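Worksheet: one structure, shown below.
What follows draws every value from the coordinates through simple rules; no lab data is involved. Everything numeric in this text was worked out from a predicted model, so none of it was measured.
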């Protein structure tokens, strides 16, 4: 019993120290294996997200999909899926829906079955990843978070992004 309490205490101290050393906001200082859960929706989308970071159910977003937020509202996660009615590739889709200069993007990656883009917008960073699957559905995650916390969010955004897939 005492050993379990010491291990728990040590884990909390280690997490706190790591967040101080790295400059992470305390709300984001969660171990990579703790608090992550899988969201599976009716459109066949599956994605992992840290429930301690996004505990607030923020309802439905547009396009229709689940939205989650941090308790203070500084960050938001939107998970949604849309039909690929035109049968477009990720490159074609981006050309059509994002016709403005993509040079403003801080991250722009397009593969044969996905795209991921990120753009600073004032005090926020807007990040979107969409996966194109053979079932004619485009599954996406959209994250918005404070630009001043970019380094702290990088690991969370990466894990959410890479976990996006059809069920």
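As a length-normalised measure over Cα pairs under 8 Å and 6 or more apart, the relative contact order of segment 61-106 settles at 26 percent. Under the classification rounded if a/c is under 1.5, otherwise prolate if a/b is larger than b/c and oblate if not, where does segment 32-166 fall, given a ≥ b ≥ c as square roots of the Cα gyration tensor eigenvalues? Here segment 32-166 falls in the oblate category.
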